[in-house]
Amino acid sequence: MGADHARIVAEDLPGATLQVVCDKDLERARRVADTFGAGDAADDPDSVFVRGDVDAVIVASPDITHASLSLAGINARRPVLCEKPLSQSSAECLSVIDAEMQTGRRWIQLGFMRRYDQSYEEVKAALTGGLLGRALVMHNVHRNVSTPAADFTGSMAISNSAPHEFDIARYILETEFLTVAAFQPRRSDDLVAPVVLVLETVDGQLVNIEINNNAAYGYDVRGELVGERASIELATPIFSSFASNQLHSTSYSGDWRPRYRDAYRRQNKDFVRFVETGLFPERASDCWDGYAAAAIAEAGVDALRGGRKVPVEMIERPTFYSCREDSTR
Ligand code: ISE
């Protein structure tokens, strides 16, 4: 993901310059920096945040480093686009929220890029435009070809992959979750089986999510929002279809990056505007959204382990995060 963001900044982000690429493996940082024409390479993230030639930082390192690097950005007063999740621990998310609130403005834009995907944009527009009537049920399917890391577990399907659905459902329905139940079938092999989650919102709606990190056939994200009068379904952008031997076929991407290429570009353009103006983007997710995703995931992991429905426990939303416009309060 870091190399992908470096490419976006270098090739597709007017107004931004790729200044330095940082990785704990300095040689790898140098390779990416050379590939995309960055001015420099580094292996010490803390030094990068305070450089005079760095205005903002994109964090795309392993999940467990996201909160500490976001705190480094806040302490250095540098806007950060942090890949999801903010943290897999809701308590750690609260420590970042505390630090950000103490500065009086938002610094962290979180990388829930599906908010910038046109198919979800049309789902949200259909609901806010009154075409569906009251939203009742949101169905979500999220399938990866194979687990993104060797040590991936069913719990990580909930804490690493499902946060995309937690966030996009909250964003589209403009609600919070009350409870979560989680189930897992048994595979015939030792691969991580799909996890099926059923969530209740505080507004009496249902959201179900299938996370399958070992779908094998392709990267496949589906969704449907069912209202009292109509429903709307996500469509996956298809740019070509193949016909041969009396067969007609289209292809799946191998992972999320081709499928959400445009969403990442649009998200990162909003980040550049955020850096330039200090105005937090209306559409973007922030530390509160990161905290909510972590709290829901923690309840989901408990539900999977305990085999029962679990309440989603969250603090009261601070007013600091309730309005979406100006971040420079
Ligand atoms: C990965 O971190 C992502 O963000 C992808 O969008 C998601 O599909 C994948 O499951 C995650 O591991």
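Go through region 219-242 and report how many residues are assigned to a loop (DSSP other than H, G, I, E, B) and either of a type in the set (Asp, Glu) or over 25 Å from the mean Cα position of the chain (by Cα) (or both). Let's see the steps before the verdict.
Initially, region 219-242 is screened for residues assigned to a loop (DSSP other than H, G, I, E, B), giving 228-230, 234-241.
Subset that is either of a type in the set (Asp, Glu) or over 25 Å from the mean Cα position of the chain (by Cα) (or both): 228-230, 240-241.
Qualifying residue count, region 219-242: 5.
Out of all the residues in region 43-62, which are away from the ligand (no atom under 16 Å from the Cβ) and either free of Cβ contacts under 8 Å to residues at least 12 places away in the same chain or part of a helix (DSSP H, G or I) (or both)?
Here is the first cut: in region 43-62, the residues away from the ligand (no atom under 16 Å from the Cβ) are 43-57.
Result: PRO45, ASP46, SER47, VAL48, PHE49, GLY52.
Quick check on this structure: which one of ARG259, ARG229 is at pLDDT 95 or above, surrounded by fewer than 17 Cβ atoms within 10 Å (Cβ to Cβ) and either in contact with a Pro (Cβ under 8 Å, 6 or more places away or on another chain) or among the basic types (Lys, Arg) (or both)?
Answer to the selection: ARG229.
Is it the case that GLY15 is touching a Lys or Arg at 6+ places or on another chain (Cβ under 9 Å) and in a loop (DSSP other than H, G, I, E, B)?
Answer is yes for this residue.
Among THR35, THR65, which is the only one that is within 16 Å of the ligand (Cβ to nearest atom) and part of a helix (DSSP H, G or I)?
Working: THR35 fails: within 16 Å of the ligand (Cβ to nearest atom).
So the residue among THR35, THR65 that is within 16 Å of the ligand (Cβ to nearest atom) and part of a helix (DSSP H, G or I) is THR65.
Name every residue in region 211-235 that is touching a residue at least 12 places away in the same chain (Cβ under 8 Å), away from the ligand (no atom under 16 Å from the Cβ) and of a type outside the set (Ser, Thr, Tyr), in order of residue number.
GLU224, LEU225, VAL226, GLY227, GLU228, ARG229, ALA230, ILE232, ALA235
Table: residues versus (1) at pLDDT 95 or above; (2) out of contact with any Leu (no Cβ under 7 Å at 6 or more places or on another chain); (3) within 24 Å of TYR260 (Cα to Cα); (4) β-branched (Val, Ile, Thr).
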site	(1), (2), (3), (4)
ARG7	yes, yes, yes, no
VAL21	yes, yes, yes, yes
LYS24	yes, yes, no, no
PHE36	yes, no, yes, no
GLY52	yes, yes, no, no
ILE58	yes, no, yes, yes
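Restricting to region 194-218, count the residues that are assigned to a strand (DSSP E or B) and either more than 16 Å from HIS164 (Cβ to Cβ) or of a type in the set (Val, Ile, Thr) (or both).
9
Exactly one of (1) of a type outside the set (A, V, I, L, M); (2) touching a helix residue (DSSP H, G or I) at 6+ places or on another chain (Cβ under 7 Å); (3) more than 13 Å from the ligand (Cβ to nearest atom); (4) over 22 Å from ASP286 (Cα atoms) is unmet by HIS139. Its number?
Unmet for HIS139, out of (1) of a type outside the set (A, V, I, L, M); (2) touching a helix residue (DSSP H, G or I) at 6+ places or on another chain (Cβ under 7 Å); (3) more than 13 Å from the ligand (Cβ to nearest atom); (4) over 22 Å from ASP286 (Cα atoms): (2).
Just a yes or no: is a residue in region 80-96 more than 16 Å from the ligand (Cβ to nearest atom), surrounded by fewer than 18 Cβ atoms within 10 Å (Cβ to Cβ) and at positive phi?
No, every residue in region 80-96 fails to be more than 16 Å from the ligand (Cβ to nearest atom), surrounded by fewer than 18 Cβ atoms within 10 Å (Cβ to Cβ) and at positive phi.
If we scan region 290-302, do we find a residue that is more than 16 Å from HIS164 (Cβ to Cβ) and touching a Leu at 6+ places or on another chain (Cβ under 7 Å)?
no
Tell me, which residue of region 142-197 that is of a type in the set (Ser, Thr, Tyr) and within 14 Å of the ligand (Cβ to nearest atom) is surrounded by the fewest Cβ atoms within 10 Å (Cβ to Cβ)? Spell out the reasoning first.
Keep residues of region 142-197 that are of a type in the set (Ser, Thr, Tyr), which gives 146-147, 153, 155, 159, 161, 171, 175, 179, 188.
If we keep only those that are within 14 Å of the ligand (Cβ to nearest atom) too, we end up with 146-147, 153, 155, 159, 161.
Working: SER146: 13, THR147: 17, THR153: 16, SER155: 19, SER159: 21, SER161: 23.
Filtering region 142-197 for residues that are of a type in the set (Ser, Thr, Tyr) and within 14 Å of the ligand (Cβ to nearest atom), the one surrounded by the fewest Cβ atoms within 10 Å (Cβ to Cβ) comes out as SER146.
Let's see how each residue does on (1) over 20 Å from ARG283 (Cβ atoms); (2) out of contact with any Asp or Glu (no Cβ under 9 Å at 6 or more places or on another chain); (3) among the hydrophobic types (A, V, I, L, M, F, W, C):
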{"residue": "ASP46", "(1), (2), (3)": "yes, yes, no"}
{"residue": "ARG51", "(1), (2), (3)": "yes, no, no"}
{"residue": "VAL57", "(1), (2), (3)": "yes, yes, yes"}
{"residue": "CYS82", "(1), (2), (3)": "no, yes, yes"}
{"residue": "SER87", "(1), (2), (3)": "yes, no, no"}
{"residue": "GLN102", "(1), (2), (3)": "yes, yes, no"}
{"residue": "GLN109", "(1), (2), (3)": "no, no, no"}
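Working carefully through the options GLU313, GLU298, find the one that is under 22 Å from GLU83 (Cβ atoms), surrounded by fewer than 23 Cβ atoms within 10 Å (Cβ to Cβ) and either touching a Ser or Thr at 6+ places or on another chain (Cβ under 9 Å) or free of Cβ contacts under 8 Å to residues at least 60 places away in the same chain (or both).
Among GLU313, GLU298, only GLU298 is under 22 Å from GLU83 (Cβ atoms), surrounded by fewer than 23 Cβ atoms within 10 Å (Cβ to Cβ) and either touching a Ser or Thr at 6+ places or on another chain (Cβ under 9 Å) or free of Cβ contacts under 8 Å to residues at least 60 places away in the same chain (or both).
The values are calculated or read from the model by the stated rules, or taken from the named source; none is laboratory data. Computed from a predicted structure; not experimentally measured. Here Cβ is always computed from backbone atoms with ideal geometry, including for glycine, and neighbour counts include all displayed protein chains.
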